[in-house]
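S.K.: Pasting a structure here, questions to come.
The values are calculated or read from the model by the stated rules, or taken from the named source; none is laboratory data. Note that this is a predicted model, so its numbers are computed, not measured. Here the Cβ positions follow ideal geometry from the backbone for every residue, glycine too, while neighbour counts run over all protein chains shown. In case anyone asks, the SASA skips ligands and DNA or RNA and just uses the protein heavy atoms, side chains included. Shrake-Rupley method; radii C 1.70, N 1.55, O 1.52, S 1.80 Å.
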Amino acid sequence: MSIKEISNSVEDIEALQAIAKQTFTETFGSQNTAEDLAKFLSEEYAFDKLKAEVENPESFYYFCYFNDELAGYLKLNIGSAQTESDYPEALEIQRIYVLQKYQGQKMGLSMMQHAIAVAKKIKKSQVWLGVWEKNLKAQAFYRKSGFEKVGSHDFVLGDDIQTDYILMKEL
């Protein structure tokens, strides 16, 4: 398994767009309406939006490979790139996704360890993330990784306003 930073090349952005749409659909597609899912995917994973995020100096995107195959990705944010402004001294793990066929290979754990290493390298004392209140599998993984619930915020998927729990880990 290997992790590499994503470049702003057309090829990397297109690969990011494809894996983002696929992993999000695999993870949440069955629990949401097709209309809400389609709206979310077209807005959040539009090529130009992803390109701007990759080029933002306060966001960090990584591809995760298993046996040289793209298997997952990770998005980290600091400063104004964070989705919440309440944690200016923290690093946000905004996205940590593994394709279904690679789950169970400890890739999520490897990406989590990578995120924590990045946080320590840039002298952050906390790492936080948002997780859907209905995503019990992810919540269990984060608890096992030392995260604790500190709040919640709205997450809009299409036209559906959902609740994400905010989880924090002290470093």
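S.K.: How much solvent-accessible surface does Ser7 expose, in Å² to the nearest 10, with a 1.4 Å probe and all protein chains in place?
M.R.: Accessible area, nearest 10 Å²: 50 Å².
S.K.: Moving on to the next point. Once ligands and nucleic acids are excluded and a 1.4 Å probe is used, how much of His114 is accessible, expressed in Å² to the nearest 10?
M.R.: 50 Å²
S.K.: Continuing with the same structure: Which of the pairs Lys106/Lys169; Lys123/Lys144; Lys51/Lys137; Lys106/Lys144; Lys137/Lys169; Lys21/Lys75 have their Cα atoms more than 21 Å apart in this structure?
M.R.: In this structure, Lys123/Lys144; Lys51/Lys137 exceed 21 Å between Cα atoms.
S.K.: Using a ≥ b ≥ c from the Cα gyration tensor of the range 81-171 (square roots of the eigenvalues), is it rounded, prolate or oblate, where a/c under 1.5 gives rounded and otherwise the larger of a/b and b/c decides, a/b for prolate?
M.R.: Verdict is oblate for the range 81-171.
S.K.: Sticking with this one: Using a 10 angstrom cutoff on alpha carbons, build the Gaussian network for the chain and name the most mobile of Val127, Val156, Val54.
M.R.: Val156
S.K.: For Gly72, which sequence-distant residues (separation of 5 or more, or a different chain) have an amide H within less than 5 Å of its own amide H, given hydrogens modelled in the peptide plane?
M.R.: Those qualifying (amide H under 5 Å, at least 5 residues apart or on another chain) are Cys64, Leu99.
S.K.: What does the charge count near Gln139 come to, summing +1 for each Lys or Arg and -1 for each Asp or Glu among other residues with Cβ under 12 Å from its Cβ?
M.R.: +2
S.K.: With runs of 4+ DSSP H residues as the only contributors, calculate the mean residue ellipticity of the chain at 222 nm using -39,500 (n - 2.57) per run, divided by the residue total and rounded to the nearest 500.
M.R.: -11500 deg cm²/dmol
S.K.: Using a 1.4 Å probe over the heavy atoms of the protein chains, calculate the carbon and sulfur portion of the accessible area of the range 94-144 as a whole percent.
M.R.: 51 percent
S.K.: Using a 1.4 angstrom probe on the protein heavy atoms only, line up Ile116, Ile122, Ile161 by accessible area, largest first.
M.R.: Ranked list, largest accessible area first: Ile161, Ile122, Ile116.
S.K.: What number comes out for accessible area per residue over the range 103-144 if the probe is 1.4 Å? Units Å², please.
M.R.: With all protein chains present, the range 103-144 gives 59 Å² per residue.
S.K.: With a ≥ b ≥ c taken as the square roots of the eigenvalues of the C-alpha gyration tensor of the range 1-107, please select rounded if a/c is under 1.5 and otherwise prolate if a/b is larger than b/c or oblate if it is not?
M.R.: Rounded shape, in that the Cα axes give a/c under 1.5.
S.K.: In percent, what relative contact order does the chain have, based on Cα pairs under 8 Å that are 6 or more apart in sequence?
M.R.: 20 percent
S.K.: What residues qualify as long-range amide H neighbours of Val156, i.e. H under 5 Å apart, gap of 5 or more or another chain, H built at 1.01 Å from N?
M.R.: For Val156, the qualifying residues are Gln162.
S.K.: Once the other residues with Cβ under 13 Å from the Cβ of Ile122 are scored (Lys, Arg +1; Asp, Glu -1), what is the net sum?
M.R.: +1
S.K.: Here is a follow-up. Taking only Cα atoms and a 10 Å spring cutoff, compute GNM fluctuations for the chain and point out the largest among Gly108, Gly130, Gly79.
M.R.: Largest GNM mean-square fluctuation: Gly79.
S.K.: Could you work out the local net charge near Phe63, counting Lys and Arg as +1, Asp and Glu as -1, over the other residues with Cβ closer than 13 Å to its Cβ?
M.R.: -3
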